[in-house]
1. Using C-alpha positions alone, give me the convex hull volume of the range 66-182 per residue in cubic angstrom.
2. Tell me the label-point distance for the pair residue 118, residue 155, using the 7 Å Cα-to-Cβ offset, in nm and rounded to one decimal.
3. With the contact rule set at Cα under 8 Å and sequence spacing of 6 or more, what percent relative contact order holds for the range 118-174?
4. Rounded to the nearest 0.05, what FRET efficiency do residue 61 and residue 250 give with R0 = 41 Å and r taken as the Cβ-Cβ distance? Could you check?
5. Calculate the spin-label point distance for residue 193 paired with residue 127, positioning each point 7 Å from the Cα along the beta-carbon direction, and give it in nanometres.
6. If you average the sequence gap of Cα pairs under 8 Å that are 6 or more apart and divide by the length of the chain, what percent do you get for the contact order?
7. Over all directions, average the projected area of the Cα convex hull of the range 1-155 and note it in nm².
8. Run lengths n ≥ 4 of DSSP H only: what is the helix-derived mean residue ellipticity at 222 nm for the chain, with -39500 (n - 2.57) per run over all residues, to the nearest 500?
Ligand code: MF3
Ligand code: CO
């Protein structure tokens, strides 16, 4: 079942999204050599709670931390630890915030110190994939139009798309229908309607598309040890297009 949100619900998701966007403002400059992923998670939790939000990943199916911090070949669900970021790393911060029961979900991949040109290209193309998908985000288009836009841009740049993790609807729950894959065919899948809220999240791999989960039962890594990048926003489908929910409040 795909729920259509009221303007009140959308306003609450926007508030959650603005809290989340502000967390990235705080965390980005902290992604420096020597900083632990635990520290990033602790700061994120503090900023979220001080703003009246809840870091929803904490305790989600037993997930042990406030945010996900996936470094280099870690694709998703990297658990914050005493691991120190080092020069040349890339780190994906995937965060879910709720405000008065409504969720916002977003991810950014940040460089640590000076990174290689190829790592920068992966980060850039991953973000571009999101905005390629947005060219199709309006009522009447299909989820497959977004999926196809992501896949073709990634593959045209020599990268691959994981089949193991997808975007999703969200609202009162972190994960709702529909699924929003990063691969697929134009014209296929659910038809977008005004008031649908979805998290669109290109997860792009530098090498092979296969991933595996480490023995901690959470951390997904690339099978070939090459890099992964992730860019995600929550959006609402509007009358004639879309609006990003995970952005700073206007005027900030
Ligand atoms: N934020 C992730 C997503 O995009 C979900 C993380 S699940 C958790 O769907 F358990 F790790 F928090
Ligand atoms: Co998500």
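Bear in mind these aren't lab numbers, they're just calculated from the coordinates by the rules spelled out. Small disclaimer: the values here were computed from a predicted structure and weren't measured. Counting neighbours? That spans all protein chains shown, and the Cβs are built from the backbone with ideal geometry, glycine included.
1. 117 Å³
2. Going by the 7 Å Cα→Cβ label model, 2.1 nm.
3. Once divided by the residue count of the range 118-174, the mean separation gives 31 percent.
4. Computed FRET efficiency for residue 61 and residue 250 comes out at 0.75.
5. 3.5 nm
6. Reported as a whole number, the value is 23 percent.
7. 10.2 nm²
8. -9000 deg cm²/dmol
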